[in-house]
Amino acid sequence: MIVCLGDIHLRDDKPYYIATCEAFLDWFEHWELNNPHNSLILTGDLVEKNLLTGKVAMYLERLASTSRFNMIYICVGNHDIKNIQG
């Protein structure tokens, strides 16, 4: 089965965002569709801001490490795009 998730908008700039992200990641880890028989498409906007804090990077790491999907495809959303100035 192919499963899609999008617009997660992980962030940590307010206490209620931290609580929401922690609850989402707990849900994701125990989600019945998070299993080796399924593939996951992340349809963009995994993060809220284009500059990541250490905590948001840890959220992304936790999302990846608790995944049991056989394959994950990631589409880049407009919030995921990093601005590079040179």
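Would you check which residues across the range 48-79 are open to solvent by 40 Å² or more (accessible area, probe 1.4 Å), touching a residue at least 24 places away in the same chain (Cβ under 8 Å) and within 22 Å of residue 33 (Cβ to Cβ) and list them?
Residues satisfying the conditions are 60, 62, 68, 70, 71, 72, 73, 74, 75.
I need the full set of residues from the range 27-42 which are open to solvent by less than 70 Å² (accessible area, probe 1.4 Å) and among the acidic types (Asp, Glu), in order please.
The answer is 29, and nothing else.
Can you say whether residue 28 is within 22 Å of residue 68 (Cβ to Cβ), of a type in the set (A, V, I, L, M, F, W, C) and touching a Leu at 6+ places or on another chain (Cβ under 7 Å), as far as the supplied structure shows? Working first, answer last.
Numbers: within 22 Å of residue 68 (Cβ to Cβ): yes; of a type in the set (A, V, I, L, M, F, W, C): yes; touching a Leu at 6+ places or on another chain (Cβ under 7 Å): yes.
Yes: the conditions hold for residue 28.
Residues to consider are 7, 12, 45; find the one that is charged (D, E, K, R), open to solvent by less than 50 Å² (accessible area, probe 1.4 Å) and under 10 Å from the mean Cα position of the chain (by Cα).
45
The values are calculated or read from the model by the stated rules, or taken from the named source; none is laboratory data. The shown structure was predicted, so the numbers you read here are calculated from the model rather than taken from an experiment. Cβ: placed from backbone, ideal geometry, glycine included. Neighbour counts: every protein chain shown. When the accessible area is computed, the model is the full protein with side chains, heavy atoms only, and any ligands, DNA or RNA have been set aside. Shrake-Rupley method; radii C 1.70, N 1.55, O 1.52, S 1.80 Å.
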